[in-house]
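Input: one structure, supplied below.
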Amino acid sequence: MKITRTSWLRTVLYSCTFVATTYSVASTTGGNQQIVNKQPSTIAVQQTSDWQQWRKVGEAQLSILFFDIYQSKLLSPTGIYQQQSLDVTPHPLALSIEYQRNITQAQLLDVTYEQWIKLGYREQDAKRWIKQLSVIFPDIKSGQKLTYVTDGVAGKFVFSPLPHQTRHIGTISDEKLNDAFLSIWLSPKTEYAQLRRQLIGMKR
């Protein structure tokens, strides 16, 4: 698959909802973020069907100059994001992104690839993951949502073409891809550090 580098596209990245299920809490680091000991996930992705009822951890608006790009929200059953060391998915999560601009599937794939390279992932891994996402990602219009729901190990994409309308469009069974995808927003090395702080409940 040919990957096209389009720097401006990273500004139109994502409006997904990530859903987080909690585990034992080790300590609090600030805001709604807590550090935990990661345990094997016992909650299957199929059992996260109530993610829309989960509590908001945080939300963030991405705008470039005068242009609104997307509104993102992070959800969990308790409204708390838990993290162990550099593991961004120690438990189930849901990240919801509502796009405020039209974006094609090709553009989504391009910006996803670009963010992975910036985060330090190997090109061969990034290209392999992009190939998997190419059969999942849809073209997205302004006002539509893309949601990723994970149990901390595997996950699924939920597309909302209209308000109050959702459909499952793809499943991720590779834990490394699961973590890499969420790292775009939740890694301490993300390009958008302030948005990450808002999403995980650290206001500043």
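The values are calculated or read from the model by the stated rules, or taken from the named source; none is laboratory data. Please read all numbers here as calculations on a predicted model, not as lab measurements. Every residue, glycine among them, receives a Cβ derived from its backbone with ideal geometry; neighbour counts consider all protein chains shown. Protein only, heavy atoms only, side chains kept; ligands, DNA and RNA dropped before computing areas. Shrake-Rupley method; radii C 1.70, N 1.55, O 1.52, S 1.80 Å.
Considering only residues that are part of a helix (DSSP H, G or I), touching a residue at least 60 places away in the same chain (Cβ under 8 Å) and either open to solvent by 30 Å² or more (accessible area, probe 1.4 Å) or within 27 Å of GLN53 (Cβ to Cβ) (or both), which ones fall in the stretch 109-143?
LYS118, LYS127, LYS131
For PHE137, which of the numbered conditions (1) more than 15 Å from LEU177 (Cα to Cα); (2) touching a helix residue (DSSP H, G or I) at 6+ places or on another chain (Cβ under 6 Å) fails to hold?
Failing condition for PHE137: (1).
If you don't mind, another one. Sort through LYS141, LYS118, LYS203, LYS176 and tell me the only one that's at negative phi and modelled with pLDDT under 90.
When all the criteria are applied, what remains is LYS203.
Taking the stretch 93-108 on its own, how many of its residues are buried (at least 20 other Cβ atoms within 10 Å of the Cβ), closer than 27 Å to GLN124 by Cα and not aliphatic (A, V, I, L, M)?
Within the stretch 93-108, residues that are buried (at least 20 other Cβ atoms within 10 Å of the Cβ), closer than 27 Å to GLN124 by Cα and not aliphatic (A, V, I, L, M) number 1.
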